[in-house]
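Read the structure below first, then the notes.
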Amino acid sequence: MRSSSSGLSFFDFMFTEILIASIVGSVIALVGGLLLLWKEDFAKKISLFLVSFAAGSLMGAAFFHLLPEALEATDDVHSALLWLVGGILVLFLFEKLLKWYHCHNKGECEYHTFSSAVLFGDTVHNFIDGVVIALSFGLGTDVGIATTIAVFLHEIPQEIGDFGVLLHAGWEKRKIILVNLGTAVATIVGATIGYAALPYVTPILPHLIGFSAGTFIYIAVSDLMPEVRHKSRPKEFLHFLTILLGILVVAGFDLIGGH
């Protein structure tokens, strides 16, 4: 493992590698969503199918990427699973507080929290991706590059799904771009913190990954799939196939990336 400097130095070569990898990877991951917005009218027409795809890609990322990675990185399986449950419960509480804030004393309220939940989960996940990239470059440049490619391969279909969810929620194009750029910054923040605290982050990384898996499972099962179920008639089977496609695409990208 390569040693990092005791203090954060922006002229440190390893930090430069980490910073470039996290920025370039974030941009690449956003490309799919930006291309989707380029055909905004078409994207709005298929937005419910994009919600289905997002549900599948989130489940695929949780069960085929994050959870196996968390379990492989620790001998304490129960602890990793406990953090997964913690991710589910924290996001449940986050949504309840969000809905209370928007709907308190307003009588009937149809405020939908799934778009905010998606952004919350995506931000947490991007932060952890940044930490993972930093740790991988600590093992060597070749390991860092391979890990960066793998990380952002599975991000591409997930980002497309996230853009689709926000379109379905009625967000404007400019706002979608801005908030997704904001969540992408979390990768750079995670990479910077991961570099600065290299020796200390490694032991807790499996817990953070398990937590992220929990947020993804909650969003897919509690928010997105019910949205599809309520609005998909009479195309339920097509939406089921789209969910399955999202799962398979993420699983396929993980195989390509070597996971």
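The values are calculated or read from the model by the stated rules, or taken from the named source; none is laboratory data. The shown structure was predicted, so the numbers you read here are calculated from the model rather than taken from an experiment. Using ideal geometry, Cβ is built from the backbone for each residue, glycine included, and neighbour counts are taken over all protein chains shown.
Here are the numbers:
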item: Answer from Ser22, Ser79 - the residue that is assigned to a helix (DSSP H, G or I) and within 15 Å of the chain's Cα centre (by Cα); result: Ser22
item: Whichever residue in the range 153-191 is assigned to a helix (DSSP H, G or I) and charged (D, E, K, R) and, among such residues, is surrounded by the most Cβ atoms within 10 Å (Cβ to Cβ); result: Asp162
item: Residue check, Ser232 on the phi < 0 side of the Ramachandran plot and at pLDDT below 85; result: yes
item: Hits in the range 33-49 - residues which are over 12 Å from Ile177 (Cβ atoms) and of a type in the set (Gly, Ala, Ser); result: Ala43, Ser47
item: Meets criteria (of a type outside the set (Asp, Glu), loosely packed, with under 15 Cβ neighbours inside 10 Å and not in a helix (DSSP H, G or I)) for Arg233; result: yes
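Table: residues versus (1) of a type in the set (Asp, Glu); (2) at pLDDT below 85; (3) touching a strand residue (DSSP E or B) at 6+ places or on another chain (Cβ under 8 Å); (4) surrounded by fewer than 15 Cβ atoms within 10 Å (Cβ to Cβ).
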| position | (1), (2), (3), (4) |
| --- | --- |
| Glu95 | yes, yes, no, no |
| Glu110 | yes, yes, no, yes |
| Phe120 | no, no, no, no |
| Val132 | no, no, no, no |
| Gly138 | no, yes, no, no |
| Thr141 | no, yes, no, yes |
